Amino acid sequence: GQQVQQSPASLVLQEGENAELQCNFSTSLNSMQWFYQRPGGSLVSLFYNPSGTKHSGRLTSTTVIKERRSSLHISSSQTTDSGTYLCALGGVPNTNKVVFGTGTRLQVLP
Amino acid sequence: GPKVLQIPSHQIIDMGQMVTLNCDPVSNHLYFYWYKQILGQQMEFLVNFYNGKVMEKSKLFKDQFSVERPDGSYFTLKIQPTALEDSAVYFCATRGAETLYFGSGTRLTVL
């Protein structure tokens, strides 16, 4: 089955520091999406990025299909970035199943 | 972005009762999903649904679970009968071409 591992499991930063979050997967993919899950539970889509690099403000997502990994870079972190970051993989052509990674819990201290 | 609405936001029921969770999807989306998340744990895939049919389901999608979307209305998850281990937050997600959009979840507590 599809396996999606995220690292680190948790991360504590001082405000202003950068973060690099990793998502590794064991199967081929046809979609990759990054989400931010607020402490209250709701999910916000950050990137749909099945390949290549995308930027949005302080966030950058890079997916390298051959290496079966995707990363999320957060620059100049802020306390409001605290929460859980999830990657979601849609793998195996001809299925629509989307599987989530294990998540990275980020805490940014003032 | 597009909004997916979930009703109710919280539901408390007694074990053995039936519960229906409702999802109002984005209007032109065709693919629908349910996920289960126990507090502090991983988001787990339950089922996806397209063109009136279940396409794929996980082992968590027990026989007591069913989904439907009658006449283009709400996409529903029904659990009958409920068990204590069904307590969790259930998230609905819908997708058009690419991006998955999530509702805010229904927190289900089975007593």
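The values are calculated or read from the model by the stated rules, or taken from the named source; none is laboratory data. Being a predicted model, the structure only gives us computed values, none of them experimental. Backbone-built Cβ (ideal geometry, glycine too); neighbour counts: all protein chains shown. Please note that ligands, DNA and RNA were not included when accessible areas were found on the heavy atoms of the full protein model with its side chains. Shrake-Rupley method; radii C 1.70, N 1.55, O 1.52, S 1.80 Å.
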| Going through segment B:14-67 one residue at a time, which ones are buried (at least 20 other Cβ atoms within 10 Å of the Cβ), among the aliphatic types (A, V, I, L, M) and within 11 Å of chain A (Cβ to nearest Cβ)? | B:Met43, B:Leu46, B:Val47
| request: Would you tally the residues in segment A:33-79 being open to solvent by 20 Å² or more (accessible area, probe 1.4 Å), among the polar types (S, T, N, Q) and over 25 Å from B:Tyr35 (Cβ atoms)? | output: 7
| request: Please work out which residue is farthest from B:Val19 (Cα to Cα), limiting yourself to segment B:75-101 and to residues that are among the aliphatic types (A, V, I, L, M) and either more than 10 Å from chain A (Cβ to nearest Cβ) or free of Cβ contacts under 8 Å to residues at least 24 places away in the same chain (or both). | output: B:Ala97
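Here is a yes/no grid of residues against (1) modelled with pLDDT of 95 or more; (2) outside any strand (DSSP E or B):
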| position | (1), (2) |
| --- | --- |
| A:Gly40 | no, yes |
| A:Thr53 | yes, no |
| A:Ser61 | yes, no |
| A:Lys66 | no, yes |
| A:Ser71 | yes, no |
| A:Gly90 | no, no |
| A:Arg105 | yes, no |
| A:Val108 | yes, no |
| Going by the structure shown, is B:Leu21 touching a Leu at 6+ places or on another chain (Cβ under 9 Å) and more than 22 Å from A:Gly90 (Cα to Cα)? | yes
| field | All positions within segment B:69-106 that are touching a Phe, Trp or Tyr at 6+ places or on another chain (Cβ under 8 Å), open to solvent by 50 Å² or more (accessible area, probe 1.4 Å) and not in a loop (DSSP other than H, G, I, E, B) | value | B:Lys78
| Does segment A:1-32 hold any residues that are of a type in the set (A, V, I, L, M) and either in a strand (DSSP E or B) or surrounded by 13 or more Cβ atoms within 10 Å (Cβ to Cβ) (or both), and which are they? | A:Val4, A:Leu11, A:Val12, A:Leu13, A:Ala19, A:Leu21, A:Leu29, A:Met32
| request: Among what's in segment A:86-110 and is within 13 Å of chain B (Cβ to nearest Cβ), open to solvent by 10 Å² or more (accessible area, probe 1.4 Å) and not basic (Lys, Arg), pick the residue that is farthest from A:Asn18 (Cα to Cα). | output: A:Asn94
